[in-house]
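Encoded as structure tokens, the structure appears first; notes follow it.
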Amino acid sequence: MKGKVVFVSGAGSGIGKSTALKLGQLGATLILTDINDDNGSKVTQEIIDNGGAAHYYHLDVSNREAVQSLFNIISKEHKELDMAVNNAGIGGVLAPIHEVDIKDWNQMMDINLSGVFHCLQAEIQLMLANQTPGAIVNVASLAGVNGMPAGSPYSAAKHAVIGLTKSVAREYAKVGIRVNSVCPGFTETAILNGIPERFLDVNLKYYVPMNRLGKPEEIADAIAWLLSDQSSFVTGHSLYLDGGLMA
Ligand SMILES: NC(=O)c1ccc[n+]([C@@H]2O[C@H](COP(=O)([O-])OP(=O)(O)OC[C@H]3O[C@@H](n4cnc5c(N)ncnc54)[C@H](O)[C@@H]3O)[C@@H](O)[C@H]2O)c1
């Protein structure tokens, strides 16, 4: 990763934070973004304090104009983009579909789906303009391959992220841009705060053979592998990181 310029969205917390720290250790030059500037700046400072290279920018991925202006800045200040991790996301409101409010549905689609689309499009445009081979990882979810009772908007958005990943992987394989997604199971981050403990306990006890939550560092290791040349023949893939649940 030495000298590679890598964009990460939602880098202030959880999986995005662990990914940023891991890529920082591997020598990447990081462009870190989040809507939570306190958290984003702290992660950036931690990487710099450990001898890494990182720059922080405020970015709401659901704001298309903001994404486009940031990528204009990246193109001017960093010249090229080698890799990207489209990670920012929300858990949303849990409710069965007959109770889902249209505002909650729209917010879920704006952040968890259009947010990935806006960033993915800008990343590919920059990679094509600079003729740099690239690698992109979208953070999907097991809810992107399974149904999620009381989480249909989240599940629908994540299924769509996997569809985007596969299609875009096929579109750009010939020019050397690889696009993959990761599908974490329940992972120890702030996003789980909205999920009832009883539901999580039953899941871990009966459905996850390892009987535990994933750690954000474990997801970060897989993302780093998918970005690196060690996965050079892998594209369009959705990698389960789930303690054996899908088995
Ligand atoms: N933790 C899990 O169990 C789990 C499982 C599967 C998938 N995921 C996915 O992992 C990704 C990261 O989530 P996490 O678990 O680390 O949760 P998290 O809440 O710790 O991190 C999410 C980050 O995204 C940022 N964010 C939220 N809305 C944003 C927006 N509009 N623009 C930019 N940044 C925004 C938050 O400020 C936060 O820093 C999400 O896409 C989530 O759906 C998480």
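Any read-out appearing in this document is the output of simple, stated calculations on the displayed coordinates, not a laboratory observation. From a predicted model like this one, the values you see are computed outputs, not experimental measurements. Because the Cβ atoms are built from the backbone with ideal geometry, glycine has one as well, and the counts that use them run over all protein chains shown.
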Open item on the list: Antiparallel versus total DSSP beta bridges in region 5-241: what percent is that, nearest 5?
Closed with: 0
Task: Given charges at beta-carbon only (K, R positive; D, E negative), |dipole| of region 5-241 in Debye - done: 600
Open item on the list: Students often check this: by mean Cβ neighbours within 10 Å, which of 96-102, 220-226 ranks highest, and how do the rest follow?
Closed with: 220-226, 96-102
- [ ] Round to a whole angstrom and tell me the spacing of the C-alpha centers of region 130-185 and region 194-242.
- [x] 14
Open item on the list: Taking a ≥ b ≥ c as the square roots of the Cα gyration tensor eigenvalues, with a/c under 1.5 meaning rounded and otherwise prolate when a/b beats b/c, else oblate, which class fits region 166-230?
Closed with: prolate
Task: Amide H within-cut-off set for Y240, under 5 Å, with H built and near neighbours excluded - done: C183
- [ ] Assuming a ≥ b ≥ c are the square roots of the Cα gyration tensor eigenvalues, decide whether region 1-155 counts as rounded (a/c under 1.5), prolate (otherwise, with a/b larger than b/c) or oblate.
- [x] prolate
Open item on the list: Expected output is a single nm value to one decimal: the length gained when fully extending between Y240 and R170, i.e. 0.36 nm times separation in residues minus the C-alpha distance. What is it?
Closed with: 23.2 nm
TODO: Give the calculated FRET efficiency between K2 and F199 to the nearest 0.05, with a Förster radius of 41 Å applied to their Cβ-Cβ distance.
DONE: 0.45
- [ ] Would you calculate the separation in nanometres between label points at E217 and S41, each defined as 7 Å from the Cα along the Cα-to-beta-carbon direction?
- [x] 2.8
Open item on the list: Please list 3J(HN,Hα) in residue order for region 95-109, calculated via the Karplus relation 6.51 cos²θ - 1.76 cosθ + 1.60 where θ = phi - 60°; whole Hz, with x for glycine and proline.
Closed with: 6, x, 4, 5, 10, 5, 7, 4, 5, 5, 4, 5, 5, 4, 5
Open item on the list: What are the membrane-span-like helices in the chain by this rule: whole DSSP H runs, Cα extent along the axis at least 27 Å, mean Kyte-Doolittle hydropathy at least -1.0?
Closed with: 152-172
TODO: For each pair in K2/K205; K22/K158; K79/K103, compute the distance between the two Cα atoms and list the pairs where it is over 30 Å.
DONE: K2/K205; K79/K103
